[in-house]
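Structure first, commentary second.
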Amino acid sequence: MPEHPTESNEPRDVRTIRHLVRLMKRYDLTAIDIIEGPTQIRLRRRGIEVVAAPPAVATAPSAASPAVAASAAPPRAEAPAPAAPAGLVIESPMVGTFYAASAPDAPPFVSVGSVVRPDTTVCVIEAMKVFTEIPAGLSGTITEVLVKNGQPVEFGQPLFHVNPA
């Protein structure tokens, strides 16, 4: 017997995913991977990373040889350096197709310069014919949209740069 009356009208795969999402919330899980024969389900809860994290990894090897790092790192570090002041990144919490608006003729949820709060919907990601609204999860101003409408996205892929409020 379904837990929710509306579930009986949904395909089995959708009911399974909804059940797994409820389990993730109930037990505060960040990831679930299920492989059952040819069927594979991978769910990850959304996370927000500071853009400065990748340069920190790049500077760790340079600590052993500061003179070499000073001459070699700046040309490579120049591209990420402007991104670091941008602040935070909103990442894709799932694999799917990115949509900037709720419908093809609707305006985008956000664009460069839009002010967002944690509950502001920034995009929709479609996976297996299920459309999931993605909230910002933080407060700030959108400084860059990193993906195009209709583009496939991966789990953890940066979607937006945000200047924190």
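Some points to look at:
- Hits in region 133-145 - residues which are touching a residue at least 24 places away in the same chain (Cβ under 8 Å) and either surrounded by fewer than 16 Cβ atoms within 10 Å (Cβ to Cβ) or among the aliphatic types (A, V, I, L, M) (or both): I134, A136, L138, S139, I142, E144, V145
- Scope region 104-132; condition closer than 30 Å to R42 by Cβ and acidic (D, E); matching residues: D119, E126
Since every read-out is calculated from the coordinates, none of them should be taken as a lab result. For clarity, every value in this text was computed on a predicted model and none was experimentally measured. Cβ: placed from backbone, ideal geometry, glycine included. Neighbour counts: every protein chain shown.
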